[in-house]
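The values are calculated or read from the model by the stated rules, or taken from the named source; none is laboratory data. Because the structure is predicted, anything quoted here is derived from the model rather than measured. Here the Cβ positions follow ideal geometry from the backbone for every residue, glycine too, while neighbour counts run over all protein chains shown.
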Amino acid sequence: MNFLKDRDVLLVTIHQKEKVIKPLLEGQFGCHMHVSPLDTDQFGTFTREVSRQQSQFDTARRKVTMGLKLTNHRVGVASEGMFGFHPLAPIPWNTELVLLKDDELELELYGYYEGLNTNFSHTIVQDYPAALQFANQVGFPDHHVILRADDEHSSVILKDIMNESLLQEAFKYCFYKSTNRQVFIETDMRAYANPTRMKNIEIATRQLIEQANSLCPSCGTPGFRIVQKVPGRLCEQCHTPTKQIVQHVYACSTCQCQQTKDLEDIYASPRYCDLCNP
């Protein structure tokens, strides 16, 4: 079931995400993608001028919903990213969501990426060599940087810094405007300014395609997906159940059909066993 064949699909973005999302979806489904003019910065910015008010999923859904209202499209796609630190360690962490909403079929599908493949970082510097050193460490100039006077809350902010000449000018300006002779510099996490993030959006888009191609065995609706991961894989040494996943439960959002599928490997390493490795 190719539910997108020859259909017009709206992509809600102002940060050039069409560079990765458009060719993947058009190539896979034969749809026609159009970029929405909706200003998505109103839903939140990474540089904190606008705070995001809802969850990552709800924000992506809101983008699509508002984008569709402004056009005659019935299908829309939006992406929403989030940056922070891993909950168990002080490691930069990126999660990317690509959501597809089909109002005609009353269907929502999504792809997801989460991992540590990100250059998300910031620092405070007192001189230009330190600013340049930080920029080079985060992949400049392919990855852009953003500068502020003083700290992360300063209203003096310069974006789209994509070469050393602009970096030097931005540092001089922010340093001149600072009250304590320091400059805040951070990675630019907007998609077009961050190739690493764009790659993660691509991964999430591929997962969306995988989900769209997973059809319910009962009604044929796209999006037959994992809704539960069941622990209980046996320790290969003592055969005691561990917390490692042994089964995936798949479900359809339309007809409520469910299937449980065993993973190929039913045994876990003793290092995951509470008895062998207490």
Filter pass, Ser155 being under 29 Å from the mean Cα position of the chain (by Cα), of a type in the set (S, T, N, Q) and surrounded by fewer than 15 Cβ atoms within 10 Å (Cβ to Cβ) = yes
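Given the condition closer than 30 Å to Lys5 by Cβ and either outside the structural domain of Lys101 (by TED's automatic domain parsing) or of a type in the set (Ser, Thr, Tyr) (or both), answer yes or no: does some residue in region 230-246 qualify?
Step one: list which residues in region 230-246 are closer than 30 Å to Lys5 by Cβ, which gives none.
For region 230-246, residues closer than 30 Å to Lys5 by Cβ and either outside the structural domain of Lys101 (by TED's automatic domain parsing) or of a type in the set (Ser, Thr, Tyr) (or both): absent.
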ask   = Does Thr65 count as surrounded by fewer than 17 Cβ atoms within 10 Å (Cβ to Cβ), more than 18 Å from the chain's Cα centre (by Cα), touching a residue at least 60 places away in the same chain (Cβ under 8 Å) and not assigned by TED's automatic domain parsing to the domain that holds Ser155?
value = no
task = Only residues that are within 14 Å of Glu80 (Cα to Cα), surrounded by 12 or more Cβ atoms within 10 Å (Cβ to Cβ) and among the hydroxyl-bearing types (Ser, Thr, Tyr): list them for region 33-55, please.
result = Thr40, Thr45, Ser55
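Answer yes if at least one residue in region 57-79 is among the small types (Gly, Ala, Ser) and more than 20 Å from Asn200 (Cβ to Cβ), and no otherwise. Even if it seems obvious, please write down each step before you answer.
Here is the first cut: in region 57-79, the ones among the small types (Gly, Ala, Ser) are 60, 67, 76, 78-79.
The next check asks that each one be more than 20 Å from Asn200 (Cβ to Cβ); those that pass are 67, 76.
Checking region 57-79: at least one residue is among the small types (Gly, Ala, Ser) and more than 20 Å from Asn200 (Cβ to Cβ).
Is there a residue being within 30 Å of Pro129 (Cβ to Cβ) and part of a strand (DSSP E or B) anywhere in region 236-259?
First, the residues of region 236-259 that are within 30 Å of Pro129 (Cβ to Cβ): none.
The answer is no, given that none of the residues of region 236-259 is within 30 Å of Pro129 (Cβ to Cβ) and part of a strand (DSSP E or B).
Here's a check for you: in region 99-120, which residue that is in contact with a Phe, Trp or Tyr (Cβ under 8 Å, 6 or more places away or on another chain) and more than 18 Å from Asp8 (Cβ to Cβ) is surrounded by the most Cβ atoms within 10 Å (Cβ to Cβ)? Walk me through it before giving the result.
Here is the first cut: in region 99-120, the residues in contact with a Phe, Trp or Tyr (Cβ under 8 Å, 6 or more places away or on another chain) are 99-100, 102, 105, 107, 110, 114-116, 118, 120.
Among the residues that remain, those that are also more than 18 Å from Asp8 (Cβ to Cβ) are: 110, 114-116, 118, 120.
Values: Tyr110: 21, Glu114: 15, Gly115: 12, Leu116: 12, Thr118: 23, Phe120: 20.
The extreme case among them is Thr118.
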task = Mind listing whichever residues of region 247-267 are more than 28 Å from the chain's Cα centre (by Cα) and either surrounded by 15 or more Cβ atoms within 10 Å (Cβ to Cβ) or in the same structural domain as Glu108 (by TED's automatic domain parsing) (or both)?
result = Cys257
query = Checking Val20 against (1) surrounded by 20 or more Cβ atoms within 10 Å (Cβ to Cβ); (2) more than 16 Å from the chain's Cα centre (by Cα); (3) assigned to a helix (DSSP H, G or I), which test does it fail?
reply = (2)
ask   = Regarding Phe120, is this residue touching a Lys or Arg at 6+ places or on another chain (Cβ under 9 Å), closer than 13 Å to Glu186 by Cα, in a strand (DSSP E or B) and of a type outside the set (Lys, Arg)?
value = no
remark   = Reported set for region 127-179 where residues are over 17 Å from Thr45 (Cβ atoms), small (Gly, Ala, Ser) and in contact (Cβ under 8 Å) with a residue 12 or more places away in the chain is Ala131, Ala135, Gly139, Ala149, Ala170, Ser178
inquiry  = If I filter region 74-87 for residues that are at pLDDT 95 or above, part of a loop (DSSP other than H, G, I, E, B), over 20 Å from Leu208 (Cβ atoms) and not aliphatic (A, V, I, L, M), do I get at least one hit?
reply    = no
